[in-house]
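Each remark here refers to the structure printed beneath this line.
The values are calculated or read from the model by the stated rules, or taken from the named source; none is laboratory data. Keep in mind that what you see is a predicted model, and the values were worked out from it rather than measured. Note that we place each Cβ from the backbone using ideal geometry, even for glycine, and neighbour counts take in every protein chain shown.
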Amino acid sequence: MSSTDTFVANSERYAASFDKGDLPLPPGSHVAVVACMDARLNPYGVLGLSEGDAHVIRNAGGVVTDDVIRSLTISQRLLGTNEIILIHHTGCGMLTFHDDEVKAQIEADTGIRPPFALEAFPELEGDIRQSIARIKASPYIPVKDSIRGFIYEVETGRLVEVKDLSLARRPIPARPRRYVGAAAAPNRHRLRAVRPG
């Protein structure tokens, strides 16, 4: 049985006791959450959310991309949210590689260089600041009074707020360059570009 088969079976048990079919479309808390897709981060558990409480938008790194701006625009303009929470986390895989290296590996494997940014970043707080700045700079998002950024500690389960949102350039600790590919030494997260089989 595949993992998908297991999850489908779980969904049948969920449906058997489901009693929330009358929830309204707009989220009850008027909050949109942008979080990393990392499997160790459970925004519902961390924030105490249930169905109908908030919009939860997830991607690799929890970075504010054009598509996140699209979702936040719909969330605010059509569905009434007025607060935004950003969640990054310790031990994020996006800290372990460089865009150009992975793009070069994919190009070597496929003959096509990805046109999109992978959005790797060297430092968590710095990317929270940049993400908030991107939201504030967007003309499409009307409500920007409550945008807060946090770092979830995967080691402790704690959520730590990033208070200093200044984008003033600050020193970033050097990190070892990790070359991605079959011949590279594996990094601690075992991240590598997957060659087509």
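List of remarks:
- Considering the conditions (1) under 19 Å from the mean Cα position of the chain (by Cα); (2) over 22 Å from Tyr152 (Cα atoms); (3) among the hydroxyl-bearing types (Ser, Thr, Tyr), Ser11 is excluded by exactly one of them, (1).
- Looking across region 59-82, the residues that are crowded, with 17+ Cβ neighbours inside 10 Å and either touching an Asp or Glu at 6+ places or on another chain (Cβ under 7 Å) or charged (D, E, K, R) (or both) come down to Gly61, Val63, Thr65.
- Restricting attention to region 94-103, the residues that are part of a helix (DSSP H, G or I), crowded, with 17+ Cβ neighbours inside 10 Å and out of contact with any helix residue (DSSP H, G or I) (no Cβ under 7 Å at 6 or more places or on another chain) total 4.
- Selection count, region 1-56, where residues are assigned to a helix (DSSP H, G or I) and of a type in the set (A, V, I, L, M, F, W, C): 7
- The requirement of being in contact with a His (Cβ under 7 Å, 6 or more places away or on another chain), at pLDDT 95 or above and at positive phi is not satisfied by Gly48.
- Comparison of Ile151, Ile112, Ile132 shows that the only residue that is of a type in the set (A, V, I, L, M, F, W, C) and surrounded by fewer than 14 Cβ atoms within 10 Å (Cβ to Cβ) is Ile112.
- Tally, over region 100-124, of residues that are among the charged types (D, E, K, R) and farther than 20 Å from Asp66 by Cα: 4
- Among the residues of this structure, Gly91 does not count as one that is touching a Gly at 6+ places or on another chain (Cβ under 7 Å) and either assigned to a loop (DSSP other than H, G, I, E, B) or not hydrophobic (A, V, I, L, M, F, W, C) (or both).
Table: residues versus (1) over 23 Å from Gly126 (Cβ atoms); (2) touching a Ser or Thr at 6+ places or on another chain (Cβ under 7 Å).
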| position | (1), (2) |
| --- | --- |
| Pro26 | yes, no |
| Leu41 | no, no |
| Ala54 | yes, yes |
| Asn59 | no, yes |
